[in-house]
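What follows is a single structure, and I will ask about it in a moment.
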Amino acid sequence: MPHVQVRVREISFEEDYERVLNLWQGIEKGMNVGRSDSPEEVRKKLQRDPDLFLVAETKNEIVGTVIGGFDGRRGMIYHLAVQKNFRGRGIGAMLLQEVEKRLQAKGCLKCLLLVLEDNGEAIQFYKNQGWRHASEDVVFMKEFFS
Ligand SMILES: CC(C)(COP(=O)(O)OP(=O)(O)OC[C@H]1O[C@@H](n2cnc3c(N)ncnc32)[C@H](O)[C@@H]1OP(=O)(O)O)[C@@H](O)C(=O)NCCC(=O)NCCS
């Protein structure tokens, strides 16, 4: 594939939501599109920290995303994904580094993310980006339904 220029920018809900959802739905593994990805939930997220929801775009299309979160103590990273035929060109690294920079600028000291155990490609990618497996931690979760 010829060299393409990619820029990372903040999402614009009105212009980008459908395209972002399409991208996520086309990711073959490592992405769980769920309740938090509905239009209402994405709008809710964007009211809180719109500057941490980033997309990578070429001239014509959105080819990557990352979502950051900061609660005043810890950072979280969600939905780092790059369209398959644009991988291996540094776009994932560009997205991750930009959201890390923004989290740090907000005062974030430590950041967490979840990777499925069988997602070897992503695990290697994060290790190469300076992340480590926090093997001492066990992840607990609770979902809320109204
Ligand atoms: C994990 C993921 C986001 C990485 O995205 P990516 O754009 O391929 O990542 P990068 O191109 O930045 O890095 C991938 C590799 O390509 C290499 N690379 C970067 N630029 C390159 C270039 N111009 N030419 C060739 N290789 C290059 C990098 O060195 C990197 O290798 P490394 O991981 O051994 O360091 C992508 O594989 C993906 O979307 N996976 C599916 C969704 C997923 O699992 N997300 C993680 C959820 S936790």
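The values are calculated or read from the model by the stated rules, or taken from the named source; none is laboratory data. The structure displayed is predicted, hence computed values, not measured ones. We place every Cβ from the backbone using ideal geometry, glycine too, and count neighbours over all the protein chains shown. SASA here: full protein model, heavy atoms, side chains in, ligands and nucleic acids out. Shrake-Rupley method; radii C 1.70, N 1.55, O 1.52, S 1.80 Å.
Take the conditions within 28 Å of Ala105 (Cα to Cα) and surrounded by fewer than 16 Cβ atoms within 10 Å (Cβ to Cβ) and apply them to Arg73. Does it pass?
Yes; evaluated as a whole, the condition is true for this residue.
Can you tell me which residue within the stretch 100-113, out of those that are part of a helix (DSSP H, G or I) and among the aliphatic types (A, V, I, L, M), is least open to solvent (accessible area, probe 1.4 Å)?
Once the filter is applied, the top-ranked residue is Leu103.
Related question: Look at the stretch 114-138 and say how many of its residues are more than 6 Å from the ligand (Cβ to nearest atom) and either in a loop (DSSP other than H, G, I, E, B) or not charged (D, E, K, R) (or both).
17
Consider Val8 against the criteria (1) without any contact (Cβ under 8 Å) to a residue 60 or more places away in the chain; (2) more than 29 Å from Phe145 (Cα to Cα): it satisfies all of them except one. Which criterion is unmet?
(1)
Can you find, within the stretch 1-11, the residue that is farthest from the chain's Cα centre (by Cα) among those that are surrounded by 12 or more Cβ atoms within 10 Å (Cβ to Cβ) and in a loop (DSSP other than H, G, I, E, B)?
Val4
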